[in-house]
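Taking it in order: structure first as structure tokens, then the write-up.
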Amino acid sequence: MKNQIAIIGAGLGGLMLARVLYRHGVAATIYESDASPEARSQGGMLDIHDFNGQLAIKDAGLYDEFQKLIHPGGQQTRVLDRHGSVLMDTPDDGTGGRPEVQRGELRRILLESLPPNSVQWGSKLLTATRLGAGIHELTFANGRKVIVNLVVGADGAWSKVRPLISDAQPTYAGTTFIETWLLDADVRHKASAAAVGGGGMFALAPGKGIMAHREPDGVLHAYVALNRTRQWIQRIDFDDAQSAKATIAAEFADWTPALTDLITQSDTTPVARILHQLPDDHRWSRLPGVTLIGDAAHLMIPSGEGANLAMYDGAELGKAIAASPNELEHALQSYENELFPRSTAAAKEAAALANLMFAHDTPQSLLRMFRGD
Ligand SMILES: Cc1cc2nc3c(=O)[nH]c(=O)nc-3n(C[C@H](O)[C@H](O)[C@H](O)COP(=O)(O)OP(=O)(O)OC[C@H]3O[C@@H](n4cnc5c(N)ncnc54)[C@H](O)[C@@H]3O)c2cc1C
């Protein structure tokens, strides 16, 4: 049978895999549950690292397009205390190796680099059934069924492909990020805009913090971190924006308004991102015709690496398949041999970073990390 490759999920990982395969003349189809590329806001900035995400973008042949997306000044990093005093301020001199781009724009250049109909939108995978000899039957919510000899789970945290090869289930990481946005902030929220500065800002206390990024057009995008139980978070009525903002802001009662306005003045209803993770050492035994990339393989607490790793996985798997298109098992084995130690190291680092950020001696612990002590 000619290779029939199905990639489940058109996130950055799945798109990168399809693009690298396409560059090497290997056909693949992406099945994505969203109805269209515009179905969901892809908002938010990502810093793309020169040691993983950027390497993948080079493998995709999209480095020039990527450079046009870079948000100038986005690598500025500052640490504030709860009064708004600046404890550290590192300017963006363009040499940080982790320039920032908008996730939606990065996704767009990947999508535009694929031939028409590479992505089958509105195709939510329900089940993948092993038929033997590496062949799988995929059943989609729209009634469609396809038979493939390679299925790649690029379908994120709650992957429907993962159960084919692993019993692991994501568990609550103990931290929730509450996402808010302030629009036109240089005009409407001057104190918060000044506090955030030109790039990323961290204001941390034990077990909690306010982190924000400046995005193009004067937008401030904040993640309010709370080490609270899932039940505590779920008691907040997020349908009532004012009461949700008040409950969250009460956790920061003695903080400067320049910081708490990032909660109370949000132009959008706060959204809770209840963070989940897979075990640090998540891995599986090789089974023919199936593998995972990105969050499906190694969901971890956000550390600024997840999207970079997803793209890197996609590019590495694409190159491995292109190098041995007639020996898929060999390609998957060599990809996974590198994937497992890479993911475990990144997951351990992510957990250590989260511990350090919300430790009893934060923000000193964070400042020591930035200084390299
Ligand atoms: C609050 C927060 C902040 C973050 N910040 C950063 C950051 O600053 N930098 C960074 O590098 N990473 C960050 N991450 C992590 C990053 O978002 C993920 O690691 C990354 O998106 C993983 O990419 P992916 O392609 O593996 O999966 P996803 O981006 O989750 O894409 C999966 C795709 O699969 C589709 N899908 C899901 N189920 C199905 C199905 N059954 N059938 C068909 N399609 C399906 C989804 O619709 C989606 O399009 C953050 C994560 C969170 C939660």
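The values are calculated or read from the model by the stated rules, or taken from the named source; none is laboratory data. Bear in mind the structure is a predicted one, so any value in this text is a computation, not a measurement. Heads up, the Cβs are rebuilt from the backbone with ideal geometry, glycines too, and the neighbour counts pull from every protein chain shown. When the accessible area is computed, the model is the full protein with side chains, heavy atoms only, and any ligands, DNA or RNA have been set aside. Shrake-Rupley method; radii C 1.70, N 1.55, O 1.52, S 1.80 Å.
If you go through the stretch 146-162 and keep only what is away from the ligand (no atom under 12 Å from the Cβ) and open to solvent by less than 60 Å² (accessible area, probe 1.4 Å), you end up with Val146, Val148, Asn149, Leu150. Report whether or not Leu46 is open to solvent by 20 Å² or more (accessible area, probe 1.4 Å) and within 12 Å of the ligand (Cβ to nearest atom). Against the criterion (open to solvent by 20 Å² or more (accessible area, probe 1.4 Å) and within 12 Å of the ligand (Cβ to nearest atom)), Leu46 qualifies. For the stretch 124-145, the set of residues classified as touching a Ser or Thr at 6+ places or on another chain (Cβ under 8 Å) and either surrounded by fewer than 20 Cβ atoms within 10 Å (Cβ to Cβ) or basic (Lys, Arg) (or both) consists of Lys124, Leu126, Thr127, Thr129, Glu137, Thr139, Phe140, Ala141, Asn142, Arg144, Lys145, listed by residue number. The residues of the stretch 198-212 that are under 17 Å from Leu46 (Cα atoms) and either among the hydrophobic types (A, V, I, L, M, F, W, C) or surrounded by fewer than 22 Cβ atoms within 10 Å (Cβ to Cβ) (or both), listed by number, are Gly198, Met201, Phe202, Met211, Ala212.
Determine if the stretch 284-295 includes at least one residue that is modelled with pLDDT of 95 or more and under 23 Å from His221 (Cβ atoms). Looking through the stretch 284-295, at least one residue is modelled with pLDDT of 95 or more and under 23 Å from His221 (Cβ atoms). Sub-7 Å Cβ pairs linking a first residue in the stretch 235-256 that is assigned by TED's automatic domain parsing to the domain that holds Thr269 and within 11 Å of Pro270 (Cα to Cα) to a second residue that is assigned to a helix (DSSP H, G or I) and modelled with pLDDT of 95 or more, at least 6 apart or interchain, are Ile236/Ala244; Ile236/Thr247; Asp237/Ser243; Asp237/Ala244; Phe238/Ala244; Lys245/Ile263; Lys245/Thr264; Ile248/Ile263, ordered by first then second residue. Of everything listed in (1) free of Cβ contacts under 8 Å to residues at least 24 places away in the same chain; (2) in a loop (DSSP other than H, G, I, E, B), the single unmet condition for Phe51 is (1). Residue count for the stretch 128-182 satisfying the condition of being part of a strand (DSSP E or B) and over 22 Å from Ala225 (Cα atoms): 19. Residues in the stretch 105-123 that are within 22 Å of Gly73 (Cβ to Cβ) and open to solvent by less than 30 Å² (accessible area, probe 1.4 Å): Leu106, Ile109.
Just checking, does the stretch 84-97 include any residue being of a type in the set (A, V, I, L, M), part of a helix (DSSP H, G or I) and in contact with a strand residue (DSSP E or B) (Cβ under 9 Å, 6 or more places away or on another chain)? Checked the stretch 84-97: no residue is of a type in the set (A, V, I, L, M), part of a helix (DSSP H, G or I) and in contact with a strand residue (DSSP E or B) (Cβ under 9 Å, 6 or more places away or on another chain). When the stretch 283-324 is filtered for residues that are more than 27 Å from Arg98 (Cα to Cα) and either part of a loop (DSSP other than H, G, I, E, B) or in contact (Cβ under 8 Å) with a residue 40 or more places away in the chain (or both), the ones remaining, listed by number, are Arg283, Trp284, Ser285, Arg286, Leu287, Pro288, Gly289, Val290, Thr291, Ile321, Ala322, Ser324.
Only one of the numbered conditions (1) away from the ligand (no atom under 13 Å from the Cβ); (2) touching a Leu at 6+ places or on another chain (Cβ under 7 Å); (3) among the polar types (S, T, N, Q) is violated by Thr90, and that is (2).
Pick from Val79, Val101: which is more than 22 Å from the chain's Cα centre (by Cα), in a strand (DSSP E or B) and crowded, with 16+ Cβ neighbours inside 10 Å? Within the list Val79, Val101, the selection yields Val79. Restrict the check to the stretch 264-273 and report whether at least one residue is modelled with pLDDT of 95 or more, basic (Lys, Arg) and within 12 Å of the ligand (Cβ to nearest atom). Checking the stretch 264-273: at least one residue is modelled with pLDDT of 95 or more, basic (Lys, Arg) and within 12 Å of the ligand (Cβ to nearest atom).
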